[in-house]
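Asker: The structure's right below; bear with me while I get my questions together.
The values are calculated or read from the model by the stated rules, or taken from the named source; none is laboratory data. Just so it is clear, the model here is predicted, and its values are computed rather than measured. In this analysis, Cβ positions are derived from the backbone assuming ideal geometry, glycine residues included, and neighbour counts consider all displayed protein chains. Quick note on the areas: whole protein, heavy atoms, side chains included, nothing else; ligands and nucleic acids left out. Shrake-Rupley method; radii C 1.70, N 1.55, O 1.52, S 1.80 Å.
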Amino acid sequence: YDAPHSEVPLRFLSLIFLLRAFQLIPEARLKRELRFKEIGTLNLLLGVGRGLLQLWLATRGWGYWSLVIGSVAKELFHAIALCVIAGSPM
């Protein structure tokens, strides 16, 4: 972690912690209402979408950034989808 070139990607990955805060309440609502099929379907779609995005970026020459961008994009879309399905976290 002391490598200077790893500082920017790690800072970018720290956005995941902020995005997970917006997922907590909507996901708890879905679990409380026993809507596991929607949770499972969403996780499946996000996993496949993340993988395809990372592969596409890797083939375009993005290198390790394809993993970083794919991870953050997955969490962003997960937070948005949960807020749409279960309602706003606020």
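Asker: Does the stretch 15-32 contain at least one residue that is surrounded by fewer than 13 Cβ atoms within 10 Å (Cβ to Cβ), under 24 Å from residue 5 (Cβ atoms) and free of Cβ contacts under 8 Å to residues at least 24 places away in the same chain? Give the steps one after another, and end with the answer.
Answerer: Restricting attention to the stretch 15-32, the residues satisfying the condition of being surrounded by fewer than 13 Cβ atoms within 10 Å (Cβ to Cβ) are 17-18, 21, 24, 31-32.
Cutting the leftovers down to under 24 Å from residue 5 (Cβ atoms) gives us 17-18.
Among the residues that remain, those that are also free of Cβ contacts under 8 Å to residues at least 24 places away in the same chain are: 17-18.
So far as the stretch 15-32 goes, yes, one or more of its residues are surrounded by fewer than 13 Cβ atoms within 10 Å (Cβ to Cβ), under 24 Å from residue 5 (Cβ atoms) and free of Cβ contacts under 8 Å to residues at least 24 places away in the same chain.
Asker: Kindly provide the set of residues from the stretch 11-32 that are of a type in the set (A, V, I, L, M, F, W, C) and more than 15 Å from the chain's Cα centre (by Cα), ordered by number. Break it down stepwise before answering.
Answerer: Kept after step one, since they are of a type in the set (A, V, I, L, M, F, W, C), are these residues of the stretch 11-32: 12-13, 15-19, 21-22, 24-25, 28, 30.
Selection gives 25, 28, 30.
Asker: Out of the residues in the stretch 35-65 meeting the condition of being of a type in the set (Gly, Ala, Ser) and part of a helix (DSSP H, G or I), tell me which one is farthest from the chain's Cα centre (by Cα). I'd like the intermediate steps shown before the answer.
Answerer: Applying the first criterion (of a type in the set (Gly, Ala, Ser)) to the stretch 35-65 yields 40, 47, 49, 51, 58, 61, 63.
Among the residues that remain, those that are also part of a helix (DSSP H, G or I) are: 40, 47, 49, 51, 58.
Numbers: 40: 15, 47: 9, 49: 10, 51: 11, 58: 18 Å.
This residue is 58.
Asker: If you go through the stretch 1-14 one residue at a time, how many are open to solvent by less than 70 Å² (accessible area, probe 1.4 Å) and assigned to a loop (DSSP other than H, G, I, E, B)?
Answerer: Quick first cut of the stretch 1-14, residues open to solvent by less than 70 Å² (accessible area, probe 1.4 Å) only: 3, 6, 9, 13-14.
From what's left, assigned to a loop (DSSP other than H, G, I, E, B): 3, 14.
Number satisfying all stated conditions: 2.
Asker: What are the residues in the stretch 66-89 that are at pLDDT 95 or above, open to solvent by 40 Å² or more (accessible area, probe 1.4 Å) and of a type outside the set (A, V, I, L, M), if any?
Answerer: Result: 74, 77.
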